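To start, the structure itself, in structure tokens.
The values are calculated or read from the model by the stated rules, or taken from the named source; none is laboratory data. Worth saying up front: this structure is predicted, and the values here are computed from it rather than measured. Note: ideal-geometry Cβ built from the backbone for every residue, glycine included; neighbour counts use all protein chains shown.
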Amino acid sequence: MNIQEIQNRILDLKKQNDICILAHSYVAHEILEIADFTGDSYALSVKAKSAPQKTVLMVGVRFMAETVKILSPEKRVLLASGEAGCPMAEQMDKELIKAVKREYPDYTVVAYINTTAALKTICDVCVTSSSAVKIVSSIENPNILFIPDCNLGAYVRDQLPEKNIKLLQGGCPIHASVNEEEAIEAKKKHPGALLLVHPECKPEVVRHADYVGSTSGIMQFAEKSDCREFIIGTELSIAEHLQYACPDKRFYPLSKKLICQNMKLSTLVDVYDAVRGAGGAEIELDADTITKARRCIDAMIELGG
Ligand code: 13P
Ligand code: SF4
């Protein structure tokens, strides 16, 4: 079968088997083409809540599929590749955060959505990269413990100097691998280009950015901008998707290191296998985890909407 034949079979099978396909923007173009919804972590969480289908197939990483299960426990939730995890989501466990909470009892615990369902059960509110500043600014308590991404946390702290934000040493190994010299070099090499950066990058990289935002934020900015050249400071796939969307503009990756191996695990054939009942990893969470973790995801949707 060629790519188009597989895509057509997926489209038929998902209709036949009442499956909604959600795909994060970091996955391959041929998967985005057949998904019901694509977008950043926030957009996918919101869509997951309203999808009418009985089964949701997440093409992304495990914490995203867990978020769908937490919001729709009655649905069957599949992750296209069971091996696709997010290293940042697994950096901090419940015991560590419980100990930090004992040290800082009067702090509101804000968890980046890139955390496990188990960790979310002891946090107060979730945020995504596109909603973090808005949500933290709306929290009454000035004392915030922001986990696990210290780079996103530092960006939020910069935007909200009135808050007392405590950070721990965690983050995305992919975005954090880019250094300041690469940002300076890229701007030198492409003097007419705007630098668009994800806030998971280090503060010394973010400092050079013309725009800072989530995956969707970066895509929308580039699509609407009158500028014709952009250096893309997030996962490599975004430069590729933008090149399809805007063939008359030019997109340069900020660094060759910006490849999330976990997002690359899901292939079109994995999606095909999942919709025909021959693949995909079913997400199972116990009722207690769902109830407790849901509080902070609901709070995110309420405050971030
Ligand atoms: P967003 O989808 O919020 O841009 O986050 C990027 C990311 O790294 C997802 O894991
Ligand atoms: Fe996790 Fe970073 Fe990959 Fe996003 S890009 S899934 S934060 S490792």
_Options 90, 74, 83: the member that is more than 14 Å from the chain's Cα centre (by Cα), within 16 Å of ligand 2 (Cβ to nearest atom), of a type outside the set (Gly, Ala, Ser) and farther than 11 Å from residue 266 by Cβ_ = 90
*How many residues are assigned to a helix (DSSP H, G or I), touching a strand residue (DSSP E or B) at 6+ places or on another chain (Cβ under 7 Å) and more than 13 Å from residue 233 (Cβ to Cβ) if we restrict to segment 183-198?*
0
_Which numbered condition in (1) assigned to a loop (DSSP other than H, G, I, E, B); (2) touching a Ser or Thr at 6+ places or on another chain (Cβ under 7 Å); (3) not polar (S, T, N, Q) is the only one that residue 209 fails?_
(2)
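Pick from segment 199-227 the residues that are in contact with a strand residue (DSSP E or B) (Cβ under 8 Å, 6 or more places away or on another chain) and among the hydroxyl-bearing types (Ser, Thr, Tyr): which of them is farthest from residue 132 (Cα to Cα)?
225
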*Complete set of residues in segment 179-211 that are within 16 Å of ligand 2 (Cβ to nearest atom) and within 19 Å of residue 150 (Cα to Cα)*: 197, 198, 199, 200, 201, 202, 205, 206
*What is the residue count in segment 183-202 for residues that are in contact (Cβ under 8 Å) with a residue 60 or more places away in the chain and within 13 Å of ligand 1 (Cβ to nearest atom)?*
3
*asked:* I'd like to verify a number: residues in segment 217-237 that are among the charged types (D, E, K, R), touching a residue at least 12 places away in the same chain (Cβ under 8 Å) and more than 18 Å from residue 172 (Cβ to Cβ), how many?
replied: 3
_Condition broken by residue 25, with the remaining ones in (1) surrounded by fewer than 18 Cβ atoms within 10 Å (Cβ to Cβ); (2) in contact with an Asp or Glu (Cβ under 7 Å, 6 or more places away or on another chain) satisfied_ = (1)
*Residue in segment 267-305 that is farthest from residue 215 (Cα to Cα), counting only those that are touching a helix residue (DSSP H, G or I) at 6+ places or on another chain (Cβ under 7 Å) and outside any helix (DSSP H, G or I)*: 276
*Pairs under 7 Å by beta carbon, first residue closer than 22 Å to residue 236 by Cα in segment 159-182, partner among the small types (Gly, Ala, Ser) and at pLDDT 95 or above, six or more apart or different chains?*
178/233; 178/255; 182/255
